[in-house]
Each structure stands twice: as structure tokens, then as C-alpha cells.
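None of the figures in this text is laboratory data; all of them are computed from the coordinates on show. Here the structure is a predicted model, which means the values were calculated and not measured. When we count neighbours, we look across all protein chains shown, and the Cβ atoms used for this are built from the backbone with ideal geometry, even at glycine.
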Amino acid sequence: MRLFKAFTVGLLWLALGQASPLLAHGALQVEACASGGDGIGLSRIVEVDAAGGPSFGRTVSGHHDFLNKGEIVLTFDDGPLKSHTRTVLKALAEHCTKATFFMVGRMVVADPAMVREVAAAGHTVGAHTWSHARLPSLSKEKMLEEIELSFSALSQALEGDVAPFFRFPYLSFNKTGTDYLKQRNIANFTIDIDSRDFRTKDAATVERTVLAQLAERGKGIILFHDIQPSTAKALSSLLTKLKQRGYKVVHVVPQDDVETVAEYDERARKMIARKLATANKQPLAKRAVTWPNADTQAAVETDENGREILPWARKATDP
């Protein structure tokens with residue numbers, strides 16, 4: 001099978017005398033399947049060194065921007081939810097492309113086999129807290145528990161390594177949380193493009209929202225939710241339209257894996273064991289634990305004319 005060398009990155013950071021979170025050795029390669037045919041494919045792979053907890057995405061200041069004009073990163077939050085996650089996986093496979101999934105711990109425990117299915121398809125798996133809590137509203141102890149238990153749940157479900165990639169629910173972060181990620185060598189991923197898929201059941205609306213923001217921004221990390229039927233229905237057609245408009249998909253992978261904490265590993269192991277033991281009596285989750293809820297409405301910001309302010313358009317502030 002013909003392979004293509006990955007585009008090397010990180011040289012600019014080195015020239016500036018800064019430590020780069022992106023490796024420049026060029027060892028990563030893109031399979032031919034992901035680079036041809038009718039699907040959007042995969043343009044290149046970026047390997048991230050999470051040491052020091054770098055941030056990615058326009059909604060946080062001091063972020064690292066590794067994307068060229070016309071490049072996108074596909075990300076999915078809040079799953080897995082088999083009924084929709086499998087549809088998302090099917091669309092990604094048909095287009096020979098890859099994505100990053102930020103999973104909620106409670107959803108992971110509900111269906112650990114689905115977590116393994118996502119990883120087995122070659123996608124990157126990161127954490128999105130244990131219960132999708134708004135972390136700045138919690139005590140430091142509870143905040144750290146939300147973070148650590150989510151990684152431990154993933155580690156136990158995968159029976160192996162987990163990417164040191166994290167996304168704050170509602171993109172709501174604070175200095176305590178981001179400082180902790182830096183200490184733990186976990187990268188903080190925010191977004192540039194917001195599909196707003198949780199606000200509609202209509203696939204066409206999701207398509208228009210993403211394409212309009214990309215026309216304005218020109219590139220970026222795109223936020224979807226694999227628990228949302230609107231995204232599940234929209235994804236295949238949207239990827240076709242993105243290819244037609246010349247966009248290229250970049251896949252992010254970790255240089256190293258996260259080191260989980262034994263205390264939380266044991267708690268997650270016991271929860272998964274209990275769930276599997278009672279699976280026949282208590283079927284796996286058929287709906288998400290996160291949406292809809294009251295916090296969805298509270299998370300929306302509007303301008304003086306009542307129009308919604310999307311995260312990619314809001315000026316980044318220090319966490």
C-alpha cells in the first residue's frame with residue numbers, strides 16, 4: 001500500500017525559542033485509503049507532545065495554531081452513544097478519515113465496548129470529564145475528581161492507553177483547571193467552529209452552520225456531538241460538501257499516553273465490572289446523560305441585538 005509522509009510541523013515554535021507541542025520528526029504517515037477516492041480522506045497527521053499542558057483552539061488565549069488555511073480537525077463530544085456513534089463511525093469510514101472523540105466517563109462506563117470500537121477504528125480518544133459538569137462551579141477536589149475519573153474510566157474501558165487530551169464541558173475553564181492539566185501533562189482542546197448540533201434535529205441546519213463558520217474562519221477545530229441525531233444524519237453529506245469546497249482533514253494523535261491515577265482506576269474498574277454484570281437486567285444507555293439540560297441554555301451568550309455569540313467569534317480570554 002502506498003504511504004504518504006506526514007507534513008512536519010513545529011519548526012516555527014523552535015525558531016521562536018519556544019517549546020513546541022507538535023513534533024517535527026515526520027515519522028507519521030497517512031495511509032493511501034485516507035488520501036484518495038471519493039471520500040474527504042486525510043491530509044496529514046499531527047502528533048502532539050502534551051508535556052506542560054498546551055492549549056489548542058481559538059477560544060483560549062496563548063493557544064497553539066497548527067492548522068493551515070483550509071484545514072480542519074473533526075472532534076466529537078459527549079459519547080459514546082451506540083445508536084448515533086456507530087452512524088458517525090460509518091460516515092467517517094466511508095470518507096476514509098479520522099476524528100478525535102472526547103468522551104464522558106459515565107457514558108464510557110455505560111458502554112465500554114463502544115469505546116473500544118471507536119479506538120479500534122483508528123480514532124483518537126480523549127476525556128470530557130466524568131459527568132459533563134461545569135468545572136469552574138465545583139470545589140477543587142470535585143474538579144480534579146471529574147478530570148481524573150474520566151481518564152480512568154477510559155483507561156479501564158480500553159484496557160490500555162488513553163490520549164492525554166481533554167476538553168472542558170461547555171468550553172468553561174478556569175485557571176485552577178488549566179493549571180492542573182499543565183501539571184498532569186494533559187493538552188487542553190477547545191474549538192474554532194461550533195456545529196451547534198444540540199440545538200436542532202435537522203441535518204441541513206448543522207451543515208449550514210458549519211459551512212458558514214468555516215467560510216468566515218477558513219479553518220479550525222470543529223465541534224460536533226456524536227450523541228446528537230442531527231450530526232449523525234448530517235455527517236456524511238457534510239464531509240462531501242467539505243471536500244467539494246477544498247477543505248482538508250488533519251488528525252491529531254498523542255506522542256505519549258496519559259498516566260492515570262491508581263485510586264480512580266480502581267473505582268472505574270469496579271463500576272465497569274458492575275455494569276457488565278448487570279447488563280442483561282439493565283440494558284446499556286439508549287440516551288445521553290448530558291443533553292438536553294438547563295445548563296445548555298445558560299451556556300449561550302448573545303450580543304446587544306440578541307444574536308448568539310459563537311465561541312470562535314468571541315475574543316479569547318486568559319483562563
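A few remarks follow.
- Three-way shape call for the range 128-202 based on the alpha-carbon gyration tensor, with the a/c threshold at 1.5: oblate
- Three-way shape call for the range 43-153 based on the alpha-carbon gyration tensor, with the a/c threshold at 1.5: oblate
- Listed residue pairs exceeding 32 Å between alpha carbons, taken from Lys69/Lys182; Lys233/Lys275; Lys90/Lys219; Lys90/Lys142; Lys140/Lys219; Lys82/Lys142: Lys90/Lys142; Lys140/Lys219
- For the range 76-209, diffusion coefficient by Stokes-Einstein and Kirkwood Rh (Cα), 20 °C, 1.002 mPa s, µm²/s: 139 µm²/s
- Cβ-Cβ FRET estimate between Asp38 and Lys201, R0 fixed at 30 Å, reported to 0.05: 0.65
- Rounded to the nearest whole angstrom, the semi-axes of the ellipsoid equivalent to the range 87-138, taken from the Cα gyration tensor as √(5λ), stand at 24, 12, 8, largest first.
- If you sort the three axes of the alpha carbon gyration tensor as a ≥ b ≥ c, you get a/c of 1.5 or more for the range 183-268 and a/b above b/c, which makes it prolate.
- Separation of alpha-carbon centers, the range 223-276 and the range 132-177, rounded to whole Å: 14 Å
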